[in-house]
Amino acid sequence: METTFLERRKEYRFRGALDVELEKGSGITHDLSASGVYFVTDQSFAPAEPIEFFLNLEHSDLGPLVRVRCLGEIVRVNSMGKRMGVAVAVSSYSFAGSSPGLSNHEDRKE
């Protein structure tokens with residue numbers, strides 16, 4: 001019996017381990033795209049919950065850390081023992097400076 005898999009993703013996914021800042025904790029990305037991100041954390045989440053988080057990007061020239069503020073909705077969670085995998089559909093993002101709340105660009109809506 002052959003099983004077929006229907007790919008529902010709209011964007012290419014890129015593997016990468018970026019720091020994720022959450023309201024009450026942190027995580028590490030597993031992969032991300034222009035419209036979503038999958039990360040692993042020890043925090044508890046449920047599908048359909050709204051979420052706000054920051055991705056921390058480092059400059060290759062040792063410049064300051066760039067924070068990307070993301071807003072979205074949790075679309076899937078996977079229990080991984082004491083950790084949880086969280087898939088998020090990102091609805092908007094904005095670039096922030098190294099300090100929380102310092103927005104340098106307008107929100108981008110997908």
Closer than 20 Å to residue 13 by Cβ, assigned to a strand (DSSP E or B), within 17 Å of the chain's Cα centre (by Cα) and modelled with pLDDT under 95: does that describe residue 68? yes
Suppose we filter the stretch 71-110 for residues that are at pLDDT 95 or above, more than 15 Å from the chain's Cα centre (by Cα) and among the hydroxyl-bearing types (Ser, Thr, Tyr); how many remain? 0
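The values are calculated or read from the model by the stated rules, or taken from the named source; none is laboratory data. What you see is a predicted model, and the numbers here were worked out from it, not measured in a lab. Every residue, glycine among them, receives a Cβ derived from its backbone with ideal geometry; neighbour counts consider all protein chains shown.
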